[in-house]
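Just below is one structure, and these are the notes that go with it.
The values are calculated or read from the model by the stated rules, or taken from the named source; none is laboratory data. The structure displayed is predicted, hence computed values, not measured ones. We place every Cβ from the backbone using ideal geometry, glycine too, and count neighbours over all the protein chains shown.
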Amino acid sequence: MVFIDYPIATTKHWKVYRTTGTVEEDLTPVVTVLDKLAALGTADAIALHFQTTEITGMRGSATQCPVAQWLDGEVDMPGIRLVVKGASVLVVGEVHNRALGLVNMPEPVQEFVRKFDGGRYPKLHKTAQCPL
């Protein structure tokens, strides 16, 4: 797999990596939504936003954390699954379950993920429920 390493024009904070296709066409929705979240400024401001909008999640979950839940509702990319992995969002095509790209999250979003997974923001924590 070959990674193209260059910054996307719409952001100054991070880079987008893509193996095929045009970066701007394919990953711009993810970049735009992450920029919107990072514009809140701090991890605590992001947590307050999630609390206000009633977005919760599970600690340590790549697809069920608050950031993943929020991205799922904000990014309009049919056939794409977004997975929060460490400091990045992995963009996966649902048809072949193949990684299409990796977007590095801005620092305030990374900090929120670290703090949430570390036990901060208990009002945002959702526990798994067992079916009866």
query = Which numbered condition trips up D117, out of (1) farther than 19 Å from P29 by Cα; (2) touching a strand residue (DSSP E or B) at 6+ places or on another chain (Cβ under 7 Å)?
reply = (2)
ask   = Is it the case that M105 is within 20 Å of V31 (Cβ to Cβ), modelled with pLDDT under 85 and surrounded by 15 or more Cβ atoms within 10 Å (Cβ to Cβ)?
value = no
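So, restricting to strands (runs of 3 or more DSSP E) that lie completely within segment 36-109, which ones have at least 1 residues that are under 14 Å from L124 (Cβ atoms), in contact with a Lys or Arg (Cβ under 6 Å, 6 or more places away or on another chain) and among the charged types (D, E, K, R)? Let's see the steps before the verdict.
Details: elements: 80-85, 88-93, 98-104.
Result: empty, no element qualifies.
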Single residue of segment 50-69 satisfying the filter (surrounded by 16 or more Cβ atoms within 10 Å (Cβ to Cβ) and more than 11 Å from the chain's Cα centre (by Cα)) that is nearest to E94 (Cα to Cα) = S61
